[in-house]
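Scroll down for the structure; my scribbles are underneath it.
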Amino acid sequence: MHIDAPLSDVDPAVASLISRDVERQRSFVHLIASENFVSRAVMEASGSVLTNKYSEGYPGKRYYEGCEIVDEVENLARDRAKALFGAEYVNVQPHSGAQANMGVYFGLLDAGDKILGMSLDQGGHLTHGSHVNFSGILYDFAAYGVDPDTETIDMDEVRRVARAERPKMIVAGYSAYSRLIDWAAFREIADEVDALLMVDAAHIIGLIAGGAHPNPVPHAHVVTATTHKAMRGARGGLIMAKEEFGAALDKGVFPNVQGGPLNNHIAGKAVCFAEAATPEYKAYAAQIVANAGAMAEAVMGEGVRVVSGGTDNHLFLMDLRSIDQDLTGRDAAGILHSVGVTINFNTIPFDPRPPYRASGLRVGLPAATTCGMREPQVEEVGRLMVRALRNREDEGILSEVRAAMVSIAAEFAPYPPGFPGRV
Ligand SMILES: Cc1ncc(COP(=O)(O)O)c(C=O)c1O
């Protein structure tokens, strides 16, 4: 087989699966808060021959020859991220958000150290201390949550728990929290108890890059992120910090956690950082927040309870018990998928149901915003979703909703018809 033979000749099975997924991506309304559609430019960099290069180490200090060019790629990505976020130190090597967090824990802490994070069932992430994750297995996590009445973070409560627990590190930044986070208040508490502040900005880093959410970089000792969610870049992780932590964090990622970096994806990260420095990106970030707010208002207008009464960022949580006490998140997500929406179920704070059934839907707007949807379309999608869920036994109504959803998806598809989905 020739090295330059096209995928469709070499492996028609995989080529056909990719084409089918292009069609799936083109024919649904996408509301999974952590997903997005990358540009062709990002795809080209991520799919490039840079995948061929081994380069354990860091620019200027590698364990392999022939790294001159990937050194430039990695430096470009780091410099762009430094400029974009005002960071002193950047590491673009983590293969994912989970590995960025792991690299930080390994680099800055010892196994068994106490870390204070938000519990998973209140909006935190697996890597913030879940007992089924390395974080909860290797470290001694304590948890704070949201206030039961406001469903927002109560900084007095965080301070109380921090004083009682005396953690070595406090983690702020979440997977399912829809409000602005007071980075300065977190730093104040961290300083008071002599802890490091790590902000996990995986979900909101795109909003931060576009100026639509306050930047944690000036406040936190270290900030981790993913580059593939609202950020809309290559799939992977990112660490930013004050320079004084650089050497320890470099070591935390390589050799503590990873081997050779994924140079193709580092190039894809560099491209997305350049894209994020444009006025179009700023408008995109602002539109995500406007769309999330508009859709939350629309579903609340249909009588649905939204956790904390709304949103300041790219996502919100619907409490399905306000539609029907018996409707679980898992069932609701399945019903919505059958009418043309991809979405994920999620626990809501103080959820009486276990995570695999859950009482909520997490609704995210980055992907739909990338597709060009604005307030009128997302409001319509919100109303249609509630109509489907309220009438889930009525096949006639479900097919009406499906037809409307298919037509919105077709008008606001991420990629043009015939797009190959690969480069
Ligand atoms: C807050 C937070 N941190 C870390 C991660 C992990 O990212 P990845 O899936 O790339 O490992 C996620 C992913 O959902 C997340 O929401």
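Read-outs: derived from the displayed coordinates by stated rules, not from any lab. Please read these numbers as outputs of a predicted model, since none were measured by experiment. All Cβ positions, glycine included, derive from the backbone under ideal geometry; neighbour counts span all protein chains shown.
Restricting to bridges with both residues inside the chain, how much of the DSSP beta-bridge set is antiparallel, in percent to the nearest 5? Approximately 55 percent, going by the DSSP bridge assignments. Note on the range 44-276: with charges restricted to the Cβ of Lys and Arg (+1) and Asp and Glu (-1), its dipole about the Cα centre is near 440 debye. Of the residues GLY252, GLY173, GLY260, the one that moves most in a GNM of the chain with alpha-carbon contacts below 10 Å is GLY260. Here is how the number arises for the chain: DSSP H runs of 4 or more residues each give -39500 (n - 2.57), the sum is divided by the residue count, and the result at 222 nm is -13000 deg cm²/dmol. Near GLY173, the amide H atoms lying under 5 Å from its own belong to ASP200; only residues 5 or more places off or on other chains count, and H is placed 1.01 Å from N. Note on the range 261-410: with charges restricted to the Cβ of Lys and Arg (+1) and Asp and Glu (-1), its dipole about the Cα centre is near 360 debye.
Using Cβ point charges alone (K and R +1, D and E -1), the dipole size of the chain about the Cα centre works out to roughly 380 debye.
In the range 44-276, the inverse of the mean reciprocal separation of distinct Cα atoms equals 17.7 Å; this is its Kirkwood hydrodynamic radius.
Judged by the mean number of other Cβ atoms found within 10 Å, the most tightly packed of the peptides 74-80, 47-53, 227-233, 192-198 leads the ranking 227-233, 74-80, 192-198, 47-53. Based on the Cβ-Cβ distance from ASP21 to ARG163, what FRET efficiency comes out when R0 is 56 Å, to the nearest 0.05? So the FRET efficiency works out to roughly 0.65. Considering only chymotrypsin sites (Phe, Trp or Tyr not before Pro) in DSSP loops that have at most 14 other Cβ atoms within 10 Å, the longest stretch of the chain without any of them is 65-349.
Along the charge dipole of the chain, Cβ charges K/R +1 and D/E -1, which of PHE37, ILE170, ILE239 sits furthest on the positive end? Positive-most Cα among the choices belongs to PHE37. Sorting the segments 7-16, 153-162 by their residues' average number of neighbouring beta-carbon atoms within 10 angstrom, most packed first, yields 153-162, 7-16.
Report the normalised scattering of the chain as log10 I(q)/I(0) at q = 0.08, 0.14 Å⁻¹, calculated by the Debye formula with identical scatterers on the alpha carbons. Each listed q corresponds, in turn, to -0.45, -1.31. The mean of 1/r over all distinct Cα pairs in the range 17-87, once inverted, gives the Kirkwood hydrodynamic radius of 15.2 Å. Once C-alpha pairs closer than 8 Å and six or more residues apart are averaged by separation and normalised to the residue number of the chain, the relative contact order reads 23 percent.
With the largest listed first and rounded to whole Å, the semi-axes of the equivalent ellipsoid of the range 282-411 from the Cα gyration tensor are 21, 19, 12.
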